[in-house]
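The values are calculated or read from the model by the stated rules, or taken from the named source; none is laboratory data. Just so it is clear, the structure is predicted and the values come from calculations on it, not from any experiment. All Cβ positions, even for glycine, are placed from backbone atoms using ideal geometry, and neighbour counts span all protein chains on display.
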Amino acid sequence: MDSHTFSRYSIQVSGAVQRVGYRHIVQNIARKLHITGYIENLEGYDVHIIAEGRVDDLDAFIQAIRNVEYPVEIEEICTVKEDYKGEYSYFTVIRGSPEEELAERFDTAIAIFSRMERKQDISLEKHDTSISLQGKTIDLQEKTIGLQEKTIGLQEKTNSLQEKTIGLQRETLTEVKGMRSDLDNHLNKEISEMRMELKEIRTALINYGIMNAAKS
């Protein structure tokens, strides 16, 4: 069916839909979606709706009247398609006796306050959750600061160990240089003494005629 084609639905809604302001909610939804017709309370607890309009608008209307906030509680929606008649200029609320309407207005006011109270409770719960999250965030920040302080302490200890290591390396290098110098001096002395002894041995050999002086 073309979405621009007009149609008519007879709708019965069951649940907590009387004395909770549901008729006025449905009327506002119908006005926004250009739906004409009416809504009325049935004997018992249900409401009856006649809705006329374009098919796509009617589908959106049925979806919207199903998703209504607390204290309205929708249990079931029965929809019957009928022939379009175009007999309504706007959407109206068919009211009962003055006593019934007055009682419903009081009940509606109570329902609105109940809805506001519930929203306030939800808001307070979110606020409490936010405070709890902030507390956890502060705890994490404090732990992070503690870890940072420990890390700084470890870095300082590491730096101290590095400085000590460098000092030891310098001391070791100095000692090695000293030992090398002492070793060089000792070797030079030993070599000098060996040369002197060899010279004396050579002189003696020459004197005894064992070694020719010309070969020296």
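Of the residues in the range 173-195, at least one is of a type in the set (S, T, N, Q) and within 60 Å of the chain's Cα centre (by Cα). Being surrounded by 10 or more Cβ atoms within 10 Å (Cβ to Cβ), modelled with pLDDT under 80 and either of a type outside the set (Phe, Trp, Tyr) or not in a helix (DSSP H, G or I) (or both) is a property that Leu187 has.
Within the range 117-138, can one find any residue that is acidic (Asp, Glu), without any contact (Cβ under 8 Å) to a residue 40 or more places away in the chain and over 30 Å from Tyr70 (Cβ atoms)? No: the range 117-138 contains no residue that is acidic (Asp, Glu), without any contact (Cβ under 8 Å) to a residue 40 or more places away in the chain and over 30 Å from Tyr70 (Cβ atoms).
When Val13, Val26, Val20 are checked against the criterion of being assigned to a strand (DSSP E or B) and in contact with a helix residue (DSSP H, G or I) (Cβ under 8 Å, 6 or more places away or on another chain), Val13 stands alone in meeting it. Taking the criterion of being closer than 15 Å to Ile77 by Cβ and either of a type in the set (Val, Ile, Thr) or touching a helix residue (DSSP H, G or I) at 6+ places or on another chain (Cβ under 8 Å) (or both), the residues of the range 38-60 that qualify are Ile39, Val47, Ile49, Ile50, Ala51. Figure legend. Inter-residue proximity from the range 3-26: first residues on the phi < 0 side of the Ramachandran plot, second residues small (Gly, Ala, Ser) and assigned to a strand (DSSP E or B), beta-carbon distance below 8 Å, spacing 6+ or different chains. Indicated pairs: Phe6/Gly53; Ser7/Gly53; Arg8/Gly37; Arg8/Ala51; Tyr9/Ala51; Ile11/Ala51. Annotation: Val68 fulfils all but one of (1) more than 30 Å from Asp121 (Cα to Cα); (2) at pLDDT below 95; (3) of a type outside the set (Lys, Arg); the unmet one is (1).
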